[in-house]
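Remarks on the structure that follows.
The values are calculated or read from the model by the stated rules, or taken from the named source; none is laboratory data. Since this is a predicted model, take the numbers as computed values, not measurements. As a convention, Cβ positions derive from the backbone with ideal geometry for all residues, glycine included, and neighbour counts pool all protein chains shown. Areas reflect the complete protein model, heavy atoms only, side chains present, ligands, DNA and RNA absent. Shrake-Rupley method; radii C 1.70, N 1.55, O 1.52, S 1.80 Å.
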Amino acid sequence: MSLSTDQPQGLKSCGFNECLDILRELPVFSGVPLDVIKVLAYLSGRETFDAGEALCEQGEALDRCFYVLSGEVAMDRRIGDCAVTLPRRGPGQFFGGLGLLAPAKALFSVHAVADAECLVLTKEKFQKTAERFPDVWPKILGNVVGHVFRWEEAFLAAHAKECAETGEMGLSLF
């Protein structure tokens, strides 16, 4: 596919219908009006990553989200001399969505394990769309908060003893 002039270098246009179908299925956009998702699909693109290439690095500004179309990515987090590696992720995995909503730094480094292709939506394009359609904010924020509560509930269930010992109870008390 050819590069459009307003896309970042390396970002190729995405088949509109394919992008639309993917975005409609993402939980972060659940309940968002179709006309808004159509704009986001139009503004999304495909980016390819060679094996070993970084999609994002821990500590860098998280300024786009990714949906893995093909290939495989590895995620890891460095804490001092220790590296924690998560299970590899393949097609259908979405990450980076919180970076669309507010200034954020990547908590993990993500690298292509094998050649990978991702659907990418930049923060700039997302925020311009959200400014044009301000009524989507409550729905998207509600989706994110719902996700945080579900995650935290599962985390607290799995780590109840540790949480009780430390007194750390999570984000829902924020």
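Pick from Gly99, Gly146: which is small (Gly, Ala, Ser), more than 25 Å from Val84 (Cβ to Cβ) and either at pLDDT below 95 or within 13 Å of the chain's Cα centre (by Cα) (or both)?
Working: Gly99 fails: more than 25 Å from Val84 (Cβ to Cβ).
Checking each option against the conditions leaves just Gly146.
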Checklist outcome for this item: How many residues of region 70-96 are in a loop (DSSP other than H, G, I, E, B) and open to solvent by 50 Å² or more (accessible area, probe 1.4 Å)? The answer is 7
Checklist entry - Within the bounds of region 41-48, is there any residue that is loosely packed, with under 13 Cβ neighbours inside 10 Å, within 25 Å of Leu141 (Cβ to Cβ) and modelled with pLDDT of 95 or more? => result no
Item to check | Any chance Leu55 is at pLDDT 95 or above, assigned to a helix (DSSP H, G or I), aliphatic (A, V, I, L, M) and open to solvent by less than 20 Å² (accessible area, probe 1.4 Å) | outcome: no
Checklist entry - If Glu153 passes every condition in (1) part of a helix (DSSP H, G or I); (2) in contact with a Gly (Cβ under 7 Å, 6 or more places away or on another chain); (3) open to solvent by 90 Å² or more (accessible area, probe 1.4 Å) but one, which one does it miss? => result (2)
Next on the checklist: So the check is Cβ under 8 Å with 6+ separation or different chains; which pairs have a first residue in region 10-21 that's at pLDDT 85 or above and a second one that's open to solvent by 20 Å² or more (accessible area, probe 1.4 Å)?
Outcome noted: Phe16/Tyr42; Cys19/Tyr42; Leu20/Lys38
Checklist outcome for this item: Within region 22-34, residues being open to solvent by 30 Å² or more (accessible area, probe 1.4 Å) and either part of a loop (DSSP other than H, G, I, E, B) or in contact (Cβ under 8 Å) with a residue 12 or more places away in the chain (or both) number 5
Next on the checklist: Name the single residue that is farthest from Arg46 (Cα to Cα) among those in region 97-127 being free of Cβ contacts under 8 Å to residues at least 40 places away in the same chain and open to solvent by 10 Å² or more (accessible area, probe 1.4 Å).
Outcome noted: Ala102
